[in-house]
1. Might you check whether a residue that is surrounded by 14 or more Cβ atoms within 10 Å (Cβ to Cβ), under 18 Å from D26 (Cα atoms) and among the hydroxyl-bearing types (S, T, Y) occurs anywhere in the range 77-89?
2. If you take the residues of the range 68-85 that are over 10 Å from the mean Cα position of the chain (by Cα) and assigned to a helix (DSSP H, G or I), which of them is nearest to G14 (Cα to Cα)?
3. Just give me the residues in the range 17-31 being out of contact with any Lys or Arg (no Cβ under 9 Å at 6 or more places or on another chain) and more than 17 Å from R46 (Cβ to Cβ), in sequence order.
4. Out of the residues in the range 31-67 meeting the condition of being aliphatic (A, V, I, L, M), over 21 Å from S17 (Cα atoms) and more than 9 Å from the chain's Cα centre (by Cα), tell me which one is modelled with the lowest pLDDT.
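The values are calculated or read from the model by the stated rules, or taken from the named source; none is laboratory data. Predicted, not measured: the structure shown is a model, and the values here were computed from it. Backbone-built Cβ (ideal geometry, glycine too); neighbour counts: all protein chains shown.
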Amino acid sequence: MARETTWRPHSTHGKLSPAREAALPDSAFAFPSRRMLPLTDEGHVRSAIENFTEVEGASDEEHEIAFANIQRAAGFYRVPMTETDWRQLGTRQVKPGYERERT
C-alpha cells in the first residue's frame, strides 16, 4: 500500500549535533512523529536503511510512512535501494566501508 511521504530535503547536512538535530523540522525524519532517523544526506539515508528495525513501538502505519520517506530520500540522494516493503529493511548485508555506486 503506497503512502504519501512527509519527507522534504533540508539544507542541513553532515554530522548532526543534538542541537542541530533538534532544530530540524519533522519533515527531515523518516519517522516524523517520533523525530527518529534523520534523512538529511546520503549517509543518514544509508543509516536509516540499516537501522530501521531498531525503532521500537512504531505502528505499521508509522513504518509505512517511514519507508516511503526513506524511499523518497534515497531517490533524492541517489542511494540504491532494492527493498520494496518496510519489512525488508534492516535485512541487507552491508560491507564495512560500503560506498555509493557511481553513475
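1. no
2. Per the stated criteria, the residue is F76.
3. Residues satisfying the conditions are S17, P18, A19, R20, A23.
4. Filtering first and then ranking leaves A58.
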